[in-house]
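Reading through the structure tokens given below for one structure.
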Amino acid sequence: MTELLEVRNITAGYGSGPAILEGAHLTVKPGKIHCIIGPNGAGKSTLLKAICGMLHIRQGEVIFKGERLNGLRPDQILRRGICFVPQERALFAKMTVRENLRMGGYILGDSAEVDRRVDAVMDRFPILRERSGQHAGTMSGGQQQTLAMARTMILKPDIVMLDEPSLGLAPKIVREMFEIMKVLAAEGITILLVEQNAVMGLKNSDWGVVLDLGRTLFEGPAEQILADPRIQELYLGANRAA
Ligand SMILES: Nc1ncnc2c1ncn2[C@@H]1O[C@H](COP(=O)(O)OP(=O)(O)O)[C@@H](O)[C@H]1O
Ligand SMILES: [Mg+2]
């Protein structure tokens, strides 16, 4: 299968600080769910930030649909179809659900079109229509994460990157978040997610990437990673019962 996005052995760090990523690579296939796992501090969040243009890439390349993204600004990368939901979700707490969804489409510059898309997203996530007048900051963690994920659909991106969408959520709600990812994937939106609970993340994904000390150690089909005794021992042990 052809790759939608390719990260080729990148080196990147914050400002003029030390390299955090060194030898990070991954391939992203259209329509699939991809999961990056690895210990705390491995550079998972840094990798997502480097892909979306928030971090200068010192070496290596990021290739999206055949185009080199190195050096583009975050808004330019967003316009090309890569949407990033950071760990802190970046919702506007004092704006309503509807206003948050509309903000998701501001770069379209077409208010009527944004309204149509907001309506379509609300059709798909009735809870958001129900809560459309509520301030985002007053919703539960699960509802906020639903809003953050649903908001990405307004732009109809090719790729949505999610940094630990399950963080702090109860297990039942986490299952709902994975269901939403499957809804996005069924719409043709490719998912690249970082997940702290490696076993759970891989079980819900097609493709897995093991990152440690800023470097990709392994990538391949998720079931292959789950079944690999060495990876189990090093990276899946603590979560084996999950
Ligand atoms: N804004 C930042 N400025 C400088 N260093 C950072 C910043 N954010 C993260 N780091 C460093 O980058 C390394 C990797 O962090 P991160 O990508 O957040 O790891 P992970 O998401 O895998 O837990 C850590 O050593 C962390 O201290
Ligand atoms: Mg992180």
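A simple charge model with +1 on the Cβ of Lys and Arg, -1 on the Cβ of Asp and Glu and nothing else charged puts the dipole of the chain at about 340 debye relative to its Cα centre.
Using a probe of 1.4 Å on the protein chains alone, the accessible area found for Cys83 is around 20 Å².
Pairs Lys94/Lys172; Lys94/Lys156; Lys65/Lys203; Lys44/Lys182; Lys156/Lys182; Lys32/Lys156: which exceed 18 Å Cα-Cα? Please report the intermediate quantities before stating the final value.
On the way: Lys94/Lys172 27 Å; Lys94/Lys156 25 Å; Lys65/Lys203 27 Å; Lys44/Lys182 22 Å; Lys156/Lys182 15 Å; Lys32/Lys156 16 Å.
Where the Cα-Cα span goes over 18 Å, the pairs concerned are Lys94/Lys172; Lys94/Lys156; Lys65/Lys203; Lys44/Lys182.
Solvent-accessible area of the stretch 94-186 (1.4 angstrom probe, protein heavy atoms only): carbon and sulfur portion equals 52 percent.
Peptides 157-169, 63-75 ranked from most to least packed by the mean count of surrounding Cβ atoms within 10 Å: 157-169, 63-75.
Across the options Ser45, Leu202, Gly168, the greatest Cα extent toward the positive end of the charge dipole of the chain (unit charges at beta carbon of Lys, Arg, Asp, Glu) belongs to Gly168.
Checking every one of the GluC sites (Glu not before Pro) in the stretch 180-242 against DSSP loop status and a limit of 15 other Cβ atoms within 10 Å picks out Glu187.
Report, in deg cm²/dmol and to the nearest 500, the calculated mean residue ellipticity at 222 nm for the chain, where each DSSP H run with n ≥ 4 adds -39500 (n - 2.57) and the sum is divided by the residue count. Present the calculation step by step, with values, prior to reporting the outcome.
Working: 9 runs with 81 residues, N = 242.
About -9500 deg cm²/dmol.
Measuring between their Cα centroids, the stretch 9-86 and the stretch 174-242 lie 17 Å from each other. Taking all protein chains into account, the per residue accessible area for the chain stands at 46 Å² (1.4 Å probe).
The values are calculated or read from the model by the stated rules, or taken from the named source; none is laboratory data. Predicted model, so just to flag it, every value in this text is computed and none were measured. Cβ: placed from backbone, ideal geometry, glycine included. Neighbour counts: every protein chain shown. Protein only, heavy atoms only, side chains kept; ligands, DNA and RNA dropped before computing areas. Shrake-Rupley method; radii C 1.70, N 1.55, O 1.52, S 1.80 Å.
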